[in-house]
Amino acid sequence: MKLIKQGHACVRLQKDDRVIVIDPGVFTPEADALDGAEAILITHEHPDHLDPDRIRRAQAADPGLRVFSNRAVAERFPDLSIRQVGHEDRFTVAGFDIQVYGDLHAVVHPDIPVVANSGFLVEGEVFHPGDSFTVPGQRVPTLLTPCDAPWLKAAEMLDYLREIAPDRAYSIHDAYVSEIGMGVVDSFLAFERERAGTDIRVFKAGESVELRA
């Protein structure tokens, strides 16, 4: 299975010439982000993870394109014909086994309402938590770790990596960070890489990695 980083929190997963995409939002500039995708998984409703106009265009071009997300997203965007999934659901799409974990977005501030958030574990291999610190009920070989957000501190990023204890972790959620800032992120990830002795690193848009699943 091939994991390809797109802009911000978006990734493509390819297996046997089939493709799914997670979280194509407005901070994902790649025009071809959805090319060939049979399904889109959306963790939550925030625009940096969900660009409804892009999905509408993709569905118009391919009426067979399926979209999966939680109830809150489905109710907010009824025209996207979203298939509703929730915590501990499991389904198969485009030949990929998907498990759903988590219910809520991480807290930004006590006065800001918390939205629903669903993390996706693909093929029992790679976990995309969306905007959360969700810990799946099983081992996570590959973690896509958010590296900068209004709800995230560096200490929390490191604690989350330690709690999940993946074999490898690659950064996502990076559109807020300048090139200089990514150097700082890289230093934190390098610190944890040395401590854990595992592959933990910045994952830039356009990069890809082959996974075992």
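The values are calculated or read from the model by the stated rules, or taken from the named source; none is laboratory data. Everything numeric here is computed off the predicted structure, so don't read it as measured data. Please note: Cβ atoms are built from the backbone with ideal geometry, for glycine as well, and neighbour counts cover all protein chains shown.
Does segment 97-116 contain at least one residue that is under 25 Å from Lys2 (Cα atoms) and more than 15 Å from the chain's Cα centre (by Cα)?
Yes, there is a match, as at least one residue in segment 97-116 is under 25 Å from Lys2 (Cα atoms) and more than 15 Å from the chain's Cα centre (by Cα).
Would you kindly identify the strands (runs of 3 or more DSSP E) lying entirely within segment 125-177 that contain at least 2 residues that are touching an Asp or Glu at 6+ places or on another chain (Cβ under 9 Å)?
Of the strands (runs of 3 or more DSSP E) lying wholly inside segment 125-177, those with at least 2 residues that are touching an Asp or Glu at 6+ places or on another chain (Cβ under 9 Å) span 142-146, 168-172.
Taking segment 30-44 only, how many residues are in contact (Cβ under 8 Å) with a residue 40 or more places away in the chain and surrounded by fewer than 17 Cβ atoms within 10 Å (Cβ to Cβ)?
Looking only at that region, the number is 2.
Could you check segment 72-105 and list, in sequence order, the residues that are part of a strand (DSSP E or B) and not acidic (Asp, Glu)?
Arg83, Gln84, Arg90, Phe91, Thr92, Val93, Phe96, Ile98, Gln99, Val100, Tyr101, Leu104
Could you check how many residues of segment 15-29 are in a loop (DSSP other than H, G, I, E, B) and within 16 Å of His173 (Cβ to Cβ)?
7
Suppose we keep only residues that are under 15 Å from Val93 (Cβ atoms) and surrounded by fewer than 24 Cβ atoms within 10 Å (Cβ to Cβ) within segment 1-16. Which one would you say is nearest to the chain's Cα centre (by Cα)?
Among residues in segment 1-16 that are under 15 Å from Val93 (Cβ atoms) and surrounded by fewer than 24 Cβ atoms within 10 Å (Cβ to Cβ), the one nearest to the chain's Cα centre (by Cα) is Arg12.
In the list Thr145, Thr134, which residue meets the criterion of being at pLDDT 95 or above, more than 19 Å from Ile4 (Cβ to Cβ) and either hydrophobic (A, V, I, L, M, F, W, C) or buried (at least 16 other Cβ atoms within 10 Å of the Cβ) (or both)?
Exactly one residue qualifies, and that residue is Thr134.
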